[in-house]
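Visitor: Here you go, one structure.
The values are calculated or read from the model by the stated rules, or taken from the named source; none is laboratory data. For clarity, every value in this text was computed on a predicted model and none was experimentally measured. Neighbour counts are summed over all protein chains in view; Cβ atoms, including those assigned to glycine, are modelled from backbone coordinates with ideal geometry. Protein only, heavy atoms only, side chains kept; ligands, DNA and RNA dropped before computing areas. Shrake-Rupley method; radii C 1.70, N 1.55, O 1.52, S 1.80 Å.
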Amino acid sequence: MKGKLLLVAGVALTLLLTISLVIASQKSVMAGYSGERMHSSAPVIYSSDSVELASPPRYTTVYVIVQAEEPLKSMLESRLVARIERMGLKPVVINVEDSPEIQLKGNVLFVYVTYLRERNELLMKTLEAGAMAYYSTSGDIVDFLNALQKYRNRVPSSDVETLMDRVSEETEMRIDSNLIAGDVLFQYWQDIRAKSGALSNSDPYLLLADYLADEIARGISSVEASR
């Protein structure tokens, strides 16, 4: 009887160790859900003898602004720069406080990580985050920042979808009323979870930075391909 109990205990211990090794070797990143919307603006210009659409600008410089906690901020900036360069564009990283100075002077990319939480367990380290991104081919950053400032304190940081809806609607309205020609893309990701097992030889911050950079680069590519 004692031998059978030892055998059962041994099997259970082996199974537990196997499951633990599997968990500790895992790495993954996934958003609970996400979305995007694009808006094109082509104001009508009236002259004494003709009516025509305003021509959107064709910039090659992309001003990159990332608002996030370190070390994610630096990781995301470097990965966005690498991906934007591969598109044949010229990325320039600037700080958010300098963004009004580049209004309508080049393409602009603004990435805002609305919340970032770290959870450490015995075998797994997890990052939970929400994020939104704004890309404008006209370089209009002021309208977006004004809308973000208006709603970021009215909408919970965890409700990224609602924040994106409010900010995008306000930004689009201001772009149209200010007669700014160009395309803008809004993207958001809610309930992102980047998981890194203790034996996976990975960093959840790097996993999250790569995930967001790939998603944003895909969005930029789709905008540029449609121009």
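Visitor: Which condition number in (1) more than 18 Å from the chain's Cα centre (by Cα); (2) assigned to a loop (DSSP other than H, G, I, E, B); (3) without any contact (Cβ under 8 Å) to a residue 12 or more places away in the chain is the one that LEU179 fails?
Guide: Condition (3) is where LEU179 drops out.
Visitor: Continuing with the same structure: Restricting attention to the range 80-89, does a residue exist that is touching a Leu at 6+ places or on another chain (Cβ under 9 Å) and open to solvent by 20 Å² or more (accessible area, probe 1.4 Å)? Quick ask: steps written out before the conclusion?
Guide: Applying the first criterion (touching a Leu at 6+ places or on another chain (Cβ under 9 Å)) to the range 80-89 yields 80, 84.
Add one more test, that the residue is open to solvent by 20 Å² or more (accessible area, probe 1.4 Å), and what stays is none.
Checking the range 80-89: not a single residue is touching a Leu at 6+ places or on another chain (Cβ under 9 Å) and open to solvent by 20 Å² or more (accessible area, probe 1.4 Å).
Visitor: Further question: Return the total of residues in the range 94-116 being of a type outside the set (Phe, Trp, Tyr), under 16 Å from the mean Cα position of the chain (by Cα) and in a strand (DSSP E or B). Walk me through how you get there before you give the answer.
Guide: Filtering the range 94-116 for residues of a type outside the set (Phe, Trp, Tyr) gives 94-109, 111, 113-114, 116.
Those left that are additionally under 16 Å from the mean Cα position of the chain (by Cα): 96, 108-109, 111, 113-114, 116.
Cutting the leftovers down to in a strand (DSSP E or B) gives us 108-109, 111, 113-114, 116.
So the count comes out to 6.
Visitor: Which of the residues belonging to the range 45-77 are of a type outside the set (A, V, I, L, M, F, W, C), at pLDDT 80 or above and touching a strand residue (DSSP E or B) at 6+ places or on another chain (Cβ under 9 Å)?
Guide: TYR59, THR60, THR61, TYR63, GLN67, GLU69, LYS73, SER74, GLU77
To keep it simple, each residue is scored yes or no on (1) of a type in the set (S, T, N, Q); (2) farther than 27 Å from LEU104 by Cα; (3) in contact with a helix residue (DSSP H, G or I) (Cβ under 9 Å, 6 or more places away or on another chain); (4) open to solvent by 10 Å² or more (accessible area, probe 1.4 Å).
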| site | (1), (2), (3), (4) |
| --- | --- |
| ILE141 | no, no, yes, no |
| VAL160 | no, no, no, no |
| ARG166 | no, no, yes, yes |
| GLU169 | no, no, yes, yes |
| ILE175 | no, no, yes, no |
| LEU179 | no, no, no, yes |
| TRP189 | no, no, yes, no |
| ALA194 | no, yes, yes, no |
| SER202 | yes, yes, no, yes |
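Visitor: Of all residues being over 28 Å from ASP143 (Cβ atoms) and part of a strand (DSSP E or B) in the range 192-209, which is modelled with the lowest pLDDT? Just the residue, please.
Guide: My answer is GLY197.
Visitor: Same structure again: Just need a number here: residues in the range 204-227 that are open to solvent by less than 10 Å² (accessible area, probe 1.4 Å) and of a type in the set (S, T, N, Q).
Guide: Here is the first cut: in the range 204-227, the ones open to solvent by less than 10 Å² (accessible area, probe 1.4 Å) are 204, 208-209, 212-213, 216, 219-220, 223.
Pick out the ones that are also of a type in the set (S, T, N, Q) and you get none.
Of the residues in that region, 0 qualify.
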